[in-house]
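Q: Structure provided below as structure tokens; questions to follow.
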Amino acid sequence: MPQEQCQAAKAKLKQAEQRRNRLQRDLTEDEAKLAHLKAASHPDAAAIEAQERMVEIDRRVLGAAEVEVTGFEELVHALCDDLP
């Protein structure tokens, strides 16, 4: 039973890490879009504001994903460190 719990925790950790990486890519893309909007010869204030909101949401979601990864890392250590 402990071995199965360890493997399940490792699988969840891997999924959380993949999600975090995907969210990091999304944030990078949205930041690039924001920079492009701001650099336009005639910046669209409404588009910039909307993209700034998107970047802020991305940052919050990424922060939550970081917490999730940390939690699964701790769970993996708790469940797996003492196994043979």
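The values are calculated or read from the model by the stated rules, or taken from the named source; none is laboratory data. The structure displayed is predicted, hence computed values, not measured ones. Every residue, glycine among them, receives a Cβ derived from its backbone with ideal geometry; neighbour counts consider all protein chains shown. Only protein heavy atoms, including side chains, enter the accessible area calculation; ligands, DNA and RNA are left aside. Shrake-Rupley method; radii C 1.70, N 1.55, O 1.52, S 1.80 Å.
Q: Provide the per residue accessible area, probe 1.4 Å, for the range 29-84, rounded to a whole number of square angstrom.
A: That works out to 71 Å² for each residue.
Q: For the pair Ala64 and Gln3, what calculated FRET efficiency results from E = 1/(1 + (r/R0)^6), where r is the Cβ-Cβ distance and R0 = 30 Å, to the nearest 0.05?
A: Efficiency, from the Cβ-Cβ distance: 0.50.
Q: With all protein chains present, how much of the accessible area of the chain (probe radius 1.4 Å) comes from carbon and sulfur, to the nearest whole percent?
A: That fraction is 55 percent.
Q: As an exercise, identify the trypsin sites (Lys or Arg not before Pro) in the chain lying in DSSP coil whose Cβ has no more than 10 other Cβ atoms within 10 Å.
A: none
Q: Just from its helices, what would the mean residue ellipticity at 222 nm be for the chain, if runs of 4 or more DSSP H residues each count -39500 (n - 2.57) and the sum is divided by every residue, rounded to the nearest 500 deg cm²/dmol?
A: -32500 deg cm²/dmol
Q: Using the C-alpha atoms of the range 16-61, what convex hull volume per residue, in cubic angstrom, is computed?
A: So the per-residue Cα hull volume is 43 Å³.
Q: Another question about this same structure. So, in nm, how far is label Lys10 from label Ala45 when the simple model puts each one 7 Å beyond its Cα toward the Cβ?
A: 5.6 nm
Q: Above 18 angstrom, tally the Cα pairs of the chain and express them as a % of all pairs, no decimals.
A: So the portion of pairs separated by more than 18 Å is 56 percent.
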